[in-house]
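S.K.: So that we are looking at the same thing, I have put the structure below in structure tokens.
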Amino acid sequence: MQYDTIIIGAGLSGLAAGIRLAYYDQKVCLLERHTTIGGLNSFYRLRHRDYDVGLHAVTNYAEKGDRSKPLNKLLRQLRLSWDDFALCPQIESSVVFPDCTLRMTNDFELLRSQVADHFPAQADGFNRLVQSIDEFDPFAETGGYQSAREHVRKYLSDPLLENMLFCPILFYSSATPNDLDLRQFVIIFRSILQEGFSRPYEGIRRILRVLVKKFRGEGGELKLRSGVKQILHKNGTAYGVELDSGEILEGQRILSSAGLVETQRLCDQTFVDETESTGDISFVESISSLDCSPADLGHHGTVVFFSNQTDFRYERPPTPVDLRSGIICSPNNYQFDEPLAENKINITALADHGYWLNLDDEDAYRAAKQESCRAIIENAVKIVPDFRDHIVDQDVFTPRTIKKFTGHLNGAVYGSPTKQLAGTTPLDQLYLCGTDQGFLGIIGAMLSGISMANAHCLS
């Protein structure tokens, strides 16, 4: 079968790229190894309850009609309306460290005032930092890696404030321990601190349903249970794929959201040093179903980023899960018109992927999941009201789960620390989109698919 473009991976990036190309009458085939779409940003039903995976919040919130914001630019590119996603803004989130809490909403001025109140000597520096972020172009392809930490220290001298700002940004974006590239920092600072969080009432299933309907409506072909065994190439040019089934599909170009190192392995080529380019950051997350809403227990926060120590560490921990920090998220705590039918609290912690991926005994694996779930919840209820007596069901995902559903080596949520902003590879007609191209988050992933489709498949 001959296609204009073959896309590997039906996550948000692949779906957005597929819609863009199909709209312009390309013959597009979107391949997904699993029986469902979305990668880690997906959903499932377990014991008669619905669970979202990967989605704490949609970043880059924008009001309807604000045409300058990334969200609305994305919707225009996909020929979707603001109402298709029907995003509801957060109530309030926070960053909680010992003896200091910074509150934030989708109005950035609250965070600015919080910094001025808690760190008055840093207020001018913070405002100058924000100005530098507003003036920075993170999409310029010139220049190599720049440390975001070094940039921030030009403006801020208080290590506590620095760590409190980096805590949510690293947790929601970074494949690099304790730091990230300045371009990524600027993108995520804007998307979560300046623009803010939102969520569809139906969660990620709403977004995925809209994207699949649009892709198929434009004539795109979606193949589930169609894992790619290898990318075919000759004389330095990619020309097709062989599926796990042995079927051969040919295309004028290949767009891969599998990841940099993972795509390299599919080609049996050496693009980059795997030791340096394989991601090391992964997580364990517990999802607790409650018999009451979190608000009934006095918890109204949307997302709480916390650290139990002022010296915040974002790195592969020496223990199965890291109890020094984490994320507490409640899908219920958004400005919905009516309460959600189910009540949930998610707790996320950094994890040692080596420990989880080497647990071959299933009984040992299940026991480790239960113990880690207990530990991270016990840690979380030091920050939020104790909800343990109200838990009616639970599930846990680990680096092993992440590796299974994303294909990312080490279960690395944010892929490789080596990003390919241009999306090119050493093979002609083979391009990257998604996490390892460099745009992160729900909106970032879709923008990555669109921008790579525009640059390499429509030009």
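S.K.: Given the residues 341, 380, which is the only one that is touching a strand residue (DSSP E or B) at 6+ places or on another chain (Cβ under 9 Å) and at pLDDT 95 or above?
M.R.: Among 341, 380, only 380 is touching a strand residue (DSSP E or B) at 6+ places or on another chain (Cβ under 9 Å) and at pLDDT 95 or above.
S.K.: Still on this model: Restricting attention to segment 349-363, does a residue exist that is in contact (Cβ under 8 Å) with a residue 60 or more places away in the chain, closer than 19 Å to residue 88 by Cβ and surrounded by 22 or more Cβ atoms within 10 Å (Cβ to Cβ)?
M.R.: No, that holds for no residue.
S.K.: In addition: Output the residue which, of all residues in segment 301-322 that are hydroxyl-bearing (Ser, Thr, Tyr) and in a loop (DSSP other than H, G, I, E, B), is nearest to residue 56 (Cα to Cα).
M.R.: 302
S.K.: OK, next. Could you identify the single residue in 416, 459 that is part of a loop (DSSP other than H, G, I, E, B) and without any contact (Cβ under 8 Å) to a residue 60 or more places away in the chain?
M.R.: 459
S.K.: In segment 100-109, how many are under 16 Å from residue 196 (Cβ atoms) and either exposed (fewer than 14 other Cβ atoms within 10 Å of the Cβ) or not hydrophobic (A, V, I, L, M, F, W, C) (or both)?
M.R.: 5
S.K.: Residue by residue through segment 332-348, note down the ones that are of a type in the set (A, V, I, L, M) and touching a residue at least 12 places away in the same chain (Cβ under 8 Å).
M.R.: Hits for segment 332-348 are 340, 345, 347.
One line per residue, one yes/no per condition, for (1) over 30 Å from residue 260 (Cβ atoms); (2) touching a Leu at 6+ places or on another chain (Cβ under 8 Å); (3) modelled with pLDDT of 95 or more; (4) of a type outside the set (Gly, Ala, Ser):
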| position | (1), (2), (3), (4) |
| --- | --- |
| 280 | no, no, no, yes |
| 283 | no, yes, yes, yes |
| 288 | yes, no, yes, no |
| 291 | yes, no, yes, yes |
| 295 | yes, no, yes, no |
| 304 | yes, no, yes, yes |
| 310 | yes, yes, yes, yes |
| 315 | no, yes, yes, yes |
| 319 | no, no, yes, yes |
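S.K.: Right, here's the next one. Quick check on my filter: what residues within segment 153-173 are more than 18 Å from residue 315 (Cβ to Cβ) and either touching a strand residue (DSSP E or B) at 6+ places or on another chain (Cβ under 8 Å) or surrounded by 13 or more Cβ atoms within 10 Å (Cβ to Cβ) (or both)?
M.R.: Matches in segment 153-173: 153, 155, 156, 158, 160, 161.
S.K.: Residues that are surrounded by 20 or more Cβ atoms within 10 Å (Cβ to Cβ), among the β-branched types (Val, Ile, Thr), at pLDDT below 95 and within 22 Å of the chain's Cα centre (by Cα): does segment 41-55 have at least one?
M.R.: yes
S.K.: Also, quick follow-up: What is the one condition in (1) out of contact with any strand residue (DSSP E or B) (no Cβ under 9 Å at 6 or more places or on another chain); (2) outside any helix (DSSP H, G or I); (3) under 25 Å from residue 350 (Cα atoms) that residue 67 does not satisfy?
M.R.: All conditions pass for residue 67, except number (3).
S.K.: If I ask for residues that are closer than 18 Å to residue 8 by Cα and either in a helix (DSSP H, G or I) or hydrophobic (A, V, I, L, M, F, W, C) (or both), which ones from segment 215-240 would you list?
M.R.: 215, 216, 222, 224, 228, 231, 232, 238
S.K.: Could you please give the count of residues in segment 439-449 that are in contact with a Leu (Cβ under 8 Å, 6 or more places away or on another chain) and over 17 Å from residue 6 (Cβ atoms)?
M.R.: 6
The values are calculated or read from the model by the stated rules, or taken from the named source; none is laboratory data. In this text the structure is predicted, and so the values were computed from the model without any measurement. Heads up, the Cβs are rebuilt from the backbone with ideal geometry, glycines too, and the neighbour counts pull from every protein chain shown.
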